[in-house]
Amino acid sequence: MTNPWQAQQEALGAFIRSQRKLANLSLRQLADLTSLSNPYLSQVERGLHQPSVRALKSIADALNVSAETLLAEAGLVDALARKRNDGSEGPPPQTEAAIGADERLSEAQRTALIAVYRSMLDRE
């Protein structure tokens, strides 16, 4: 059974990988944009390494994703306590509730999907 920290690292890695692919970047291109090594980024994407805050900030900038989103994915910020775009706090919107309730998804997939959804809202 995967421990919670490992699951969080895997969710973060999956999120970074999905954002990199959405940006049509290769791992090598992301490494060039972040000044991080290709092997290091590969380990982060596979959930084998927990990146530093500095590395997360660099990755967020390169992927045009808010640093807050990546910090939430890394477990350094409570994602549920974040304010939504309209400034309100409270229960997640119906879309997030539906993702969270979908039993076909693993916990890591739910976390990554919700983070991607929130990052899209943050871009508006």
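The values are calculated or read from the model by the stated rules, or taken from the named source; none is laboratory data. All of these numbers come straight from a predicted model, not from anything done at the bench. Cβ: placed from backbone, ideal geometry, glycine included. Neighbour counts: every protein chain shown.
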Has the range 89-100 got at least one residue that is at pLDDT 75 or above, of a type outside the set (Asp, Glu), in a loop (DSSP other than H, G, I, E, B) and touching a helix residue (DSSP H, G or I) at 6+ places or on another chain (Cβ under 6 Å)?
-> no
Go through (1) at pLDDT 90 or above; (2) within 19 Å of Thr111 (Cα to Cα) and name the single condition Gln29 misses.
-> (2)
So Gly75 fits all but one of (1) modelled with pLDDT under 80; (2) surrounded by 15 or more Cβ atoms within 10 Å (Cβ to Cβ); (3) over 17 Å from Gln9 (Cβ atoms); what number is the exception?
-> (3)
Out of curiosity, is Arg82 more than 17 Å from Gln8 (Cα to Cα), among the basic types (Lys, Arg) and either modelled with pLDDT of 90 or more or within 16 Å of the chain's Cα centre (by Cα) (or both)?
-> yes
Considering only the range 24-51, how many residues are surrounded by fewer than 18 Cβ atoms within 10 Å (Cβ to Cβ) and part of a loop (DSSP other than H, G, I, E, B)?
-> 8
